[in-house]
Amino acid sequence: MNKINWNFENTYSKLSNSFKQNIDPVPVKNPQLVLFNEKLGSELNLDFSKISKKDLSEIFSGNSLPEGSNSIAQAYAGHQFGHFTMLGDGRAVLIGEHLSKNNKKYDIQFKGSGKTAFSRNGDGRAALGPMLREYIVSEAMNGLKIPTTRSLAVVKTGEDIIRETSLPGAILTRVASSHIRVGTFQYIAARQKKDELEILLNYVIERHYQNLKNSRNKPLELLNIILEKQIDLVVNWMRVGFIHGVMNTDNMSISGETIDYGPCAFMDFYDPKTVFSSIDQMGRYAYCNQPIITKWNLSRFAECLIPLIDKDQNKAIKLATEIINTFEKKYEEKWLNMMRQKLGLFGIEENDKFLILDLLTWMHQKRVDYTNTFCHLMNYEIYNNQDFKDNNFKNWKKRWQVRLLKNNNTPEKYKKLMRSVNPFVIPRNHKVEEVLNEAYNNKIDPLKKLLQVLNTPYSEKKIIKEYLTPSYSNEKYQTFCGT
Ligand code: AMP
Ligand code: MG
């Protein structure tokens, strides 16, 4: 086979068997490439130009494993909707860690690759729809400049899988800076072997946070840095109206990337209680709860680190709690700054918070589209909308315009700022469903077109109206876990 430039340097597979199971993907019957991300391939310094579609199908189904790969399923645990469970890669294998340009390292993982020791009652497989959905939304997040795992390929397996009905099976190639989760720490901590916990801590520092190598208290500083990263991440989600849907601790990445696109979706009209996931009956993972859950998950992470923070358990708890308790203040500050940017505001003024909250309250009461409101404020009219003729909004806008010009602001400056944080286009739910339906009927072009539009969400050029219209209908939009 032609040279692709895979450059594997596998480190996780060298850890002891407490951390993983050595296992190859289970071969599939008739692999057929559905999507391939050429751009990501070249970002990874890989060259697929001389590889036939048939060979790509063999590669990204796991039927032919690249030289230097060393497949494993990773062990992890997690709090799922608040309940602790031992989990692990039940339908995924990490084929290896690829070293790209500048020595940047990426996990290459096949999702839907067959049973592992962690499959419990599952079949180890994934359906085409959810894998395409993950591809669309993760690439959209990347376009939005939000840290995320990426999608390199989707291959149909040629095998049907049984869910409520029979569905076409598929494998997604996921690329991540690592797949280490809060749940990975929970798994190791539950085994109560301090030396293993120490190995994981040092592994994470070596892999992601090398500047902590000489810290006085590595676990404590790791907690602090991950708290900052997760706040940044959730503020970004709030910025674009993204609702993850299953913020279980196993779905929180230590690297600070968005991971595990299941029932996630973007909010249309502003309602802080928005929930799309069919299984989230209590609204645990509603839009407005995302920061609260982030803190809850970080607290579970902190608990894992207690034995490493200090020999004196009480002291360790006190130190970790002090860090966790900084969450609210840091979050509020970062959230306010993010909202100031969305409104083009420079500097800090006493009434900023009221100005921001008043706009959100108005959007909520009037059920106005979140994304398009900011487009309107950037003078970009997306669709014929009467909402902005409302007197309450007009009054709010006058207050905003007075605030806007403070602190030496100019139209040039605020337009530039607003344009950098307010997307014109997000993956609208109706559009995602539409292209998935087409893909089911073997028409992949509409999906590719959507991906193209989502690639540059901050650019108003060439945007077609159908991608900007919210999915208003009387029926509540629901998403499913899609395993
Ligand atoms: P997820 O909802 O994708 O975050 O998965 C939660 C857990 O269920 C993980 O341990 C998965 O590996 C496992 N899982 C999900 N689907 C399957 C499946 N079809 N077969 C085996 N394990 C699965
Ligand atoms: Mg998961």
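Going by the conditions given, is I146 of a type in the set (A, V, I, L, M, F, W, C), over 29 Å from E58 (Cα atoms) and not assigned by TED's automatic domain parsing to the domain that holds V28? No; evaluated as a whole, the condition is false for this residue.
Listed here are the residues, each with its yes/no results for (1) within 16 Å of ligand 2 (Cβ to nearest atom); (2) of a type outside the set (V, I, T); (3) closer than 30 Å to L35 by Cα.
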position	(1), (2), (3)
N211	no, yes, no
K218	no, yes, no
I225	no, no, no
I231	no, no, no
N251	yes, yes, yes
K273	no, yes, no
G283	no, yes, no
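A search for C-beta distances below 6 Å between a residue of the range 168-194 that is touching a residue at least 40 places away in the same chain (Cβ under 8 Å) and any residue that is of a type in the set (G, A, S) and open to solvent by 10 Å² or more (accessible area, probe 1.4 Å), counting only pairs 6+ apart in sequence or on different chains, returns S177/S255; S178/S255.
What number of residues in the range 86-128 are open to solvent by less than 40 Å² (accessible area, probe 1.4 Å), within 16 Å of ligand 2 (Cβ to nearest atom) and part of a strand (DSSP E or B)? Count: 9. Checking the conditions here, which among G68, G62 is out of contact with any helix residue (DSSP H, G or I) (no Cβ under 9 Å at 6 or more places or on another chain), open to solvent by 20 Å² or more (accessible area, probe 1.4 Å) and not acidic (D, E)? Being out of contact with any helix residue (DSSP H, G or I) (no Cβ under 9 Å at 6 or more places or on another chain), open to solvent by 20 Å² or more (accessible area, probe 1.4 Å) and not acidic (D, E) holds for just one of G68, G62, which is G68. Taken together, N103, N121 contain a single residue that is farther than 25 Å from E438 by Cα, without any contact (Cβ under 8 Å) to a residue 24 or more places away in the chain, more than 15 Å from ligand 1 (Cβ to nearest atom) and not hydrophobic (A, V, I, L, M, F, W, C), which is N103.
Residues in the range 244-273 that are in a loop (DSSP other than H, G, I, E, B) and within 13 Å of ligand 1 (Cβ to nearest atom): how many? Within the range 244-273, residues that are in a loop (DSSP other than H, G, I, E, B) and within 13 Å of ligand 1 (Cβ to nearest atom) number 11. With the structure loaded, tell me whether D24 is under 15 Å from L152 (Cα atoms) and assigned to a loop (DSSP other than H, G, I, E, B) or whether it fails that test. Against the criterion (under 15 Å from L152 (Cα atoms) and assigned to a loop (DSSP other than H, G, I, E, B)), D24 does not qualify.
The single residue among N391, N325, N337 that is farther than 30 Å from N217 by Cβ, outside the structural domain of K145 (by TED's automatic domain parsing) and either exposed (fewer than 13 other Cβ atoms within 10 Å of the Cβ) or out of contact with any helix residue (DSSP H, G or I) (no Cβ under 6 Å at 6 or more places or on another chain) (or both) turns out to be N391. The residues of the range 284-294 that are open to solvent by less than 10 Å² (accessible area, probe 1.4 Å) and in a loop (DSSP other than H, G, I, E, B), listed by number, are Y285, A286.
The values are calculated or read from the model by the stated rules, or taken from the named source; none is laboratory data. Just so it is clear, the model here is predicted, and its values are computed rather than measured. Glycine also receives a Cβ, built like all others from the backbone with ideal geometry; neighbour counts cover every protein chain displayed. Calculation scope for accessible area: heavy atoms of the full protein, side chains included, ligands and nucleic acids excluded. Shrake-Rupley method; radii C 1.70, N 1.55, O 1.52, S 1.80 Å.
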